[in-house]
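The values are calculated or read from the model by the stated rules, or taken from the named source; none is laboratory data. Worth saying up front: this structure is predicted, and the values here are computed from it rather than measured. Here the Cβ positions follow ideal geometry from the backbone for every residue, glycine too, while neighbour counts run over all protein chains shown. All accessible areas refer to the heavy atoms of the entire protein, side chains included, with ligands and DNA or RNA removed. Shrake-Rupley method; radii C 1.70, N 1.55, O 1.52, S 1.80 Å.
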Amino acid sequence: MRIAIRSTLRAFLVLGGLAGGVSAVGRAQQGTVAGRVTDQASGQPLVGARVTIVGTSLVASSRAEGRYQIANVPAGQVTVRATLIGYADLMLVLSPYSLDEVVVTATGEQAKKQIGNVINTIRADTLVMTRPIDNMNDLINAKAPGVEVLAGNLTGAGARVRIRGTNSLSLNNEPLYIIDGVRMTSGNRSDAASTIGIGGTNPSRVNDINPEEIETIDVIKGPSAAALYGTAASTGVIIISTKHGQPGPARWSIYGEQGVIRDYNDYPTAYRAWRHGPTSSTTSTPSNGVQCLLTQAARDSLTPAGVPDPLFCRRDSITTYNLFNDPMSSPNATGYRNQYGVQVSGGTDASRYFVSGEWENEVSQLKMPPFAVDSLLKIRPISEVPFEQLRPNARRRVSLRVNADVRANSRLDLSLASGFTTSTQRLPQTDNNTTGLLSNGLGARVSDTTC
């Protein structure tokens, strides 16, 4: 309906939807638009509707009898829009059934209210825009009740995911992962024969999933998961749905990330006690490696027979050393992280597309200590230590995804969901490994400072 704006003019709007528009033609410099908002089906006035002039900051609310008035409207053709919760479109009547959340199950997409099982949905596309999300595990950590993520502490380390706790002491406790209807394996140490154990930290195929490509994550727990996906899902199911295009012009998204990685932990100082035995008057020193353990110092100096106990020792000195505070021996340096990606989506009502590509490179703070570098250069006929040995913990990943939907006719819909990922991972011997970094750094021989 078109109206002309003069000093005072009334327009009657019939509101039957969430968003509707009425055009107006104005020839004066400024004018006033006034009218009445009613329900198209019943004709009853609607109070509290938000009435705006599209493209401006002019706004008003309908008062008693649905009436509104907006002053200082600029001259020219304008669009008046009235919105009110509970209405779907200007030309549609009020629907008694509102849109409900849709989840993905083994039988396809279903309205959440129609499913008797408890399903928690995580909006991944919203989280990646507002929070620092580096990998898939960051998306589900503390985002759904009953889901626990035991994250690793190294670059590329796989996390253990537990839904409703640990179900078995000997069997696999990892949930079942479904990506766009296709099953995948998590690939960490608890997933049998999926990866080679290196002791301590292990990689995980779940980290290969690009969080920027995910739209929603549905978590199904307990017997409900087993009923839908079989006994393999008795530990729970995590259903991942990737993004799909929406009708409209091409929408581009370009993002990037750069940062540094530092270790700000305070590591304990190691202590060693040295001794001389009852049968020798020579005091030991760190150079001869004769230590006095607590179990030896607590023994009696004489055996029950009255002879000196050879296992007894008296501490002469204590040495301390903190490997992480020594710049020549510390394995910690400054790491870095780079991530760049581009996405494009769009299409028509008949065909839609989503294309994504990302490159990620992360090198952790771990490095070969300077003393080890010097020793290696003397032993080997090389001029410099290879970067892969100098920085033993790193990860590089390239991921591509193409999703397309085509409506061929009223009876045939075609859908394509494809992804490609390649990654290179370096993990050092660390964590609870007996030959790892911490076990050697805190348990090695100490001879730096004498107390």
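Side notes on the structure shown:
- Within-14-Å neighbourhood charge of R275 [Cβ basis; K, R +1; D, E -1]: +2
- In Hz, Karplus ³J(HN,Hα) per residue of segment 370-379 (6.51, -1.76, 1.60; θ = phi - 60°; x = Gly, Pro): x, 5, 6, 5, 4, 5, 5, 5, 7, 7
- The 1.4 Å probe gives accessible areas that order Y68, Y264, largest first, as Y264, Y68.
- Neighbour net charge for R397 - beta-carbon separation under 14 angstrom, K R +1, D E -1: -2
- Carbon/sulfur fraction of accessible area - segment 281-410, other protein chains in place, 1.4 Å, %: 59 percent
- Surface/4 of the Cα convex hull for segment 271-415, nm²: 19.8 nm²
- Formal net charge of residues neighbouring T242 (Cβ-Cβ distance under 9 Å; K, R +1; D, E -1): -1
- Database remark: amide H of I261 closer than 5 angstrom to the amide H of G335, Y336 (H placed geometrically; neighbours at sequence offset of 5 or more, or on other chains; Pro and chain starts carry no H).
- Cα→Cβ-extended label distance, 7 Å offset, between W252 and R123, nm: 2.7 nm
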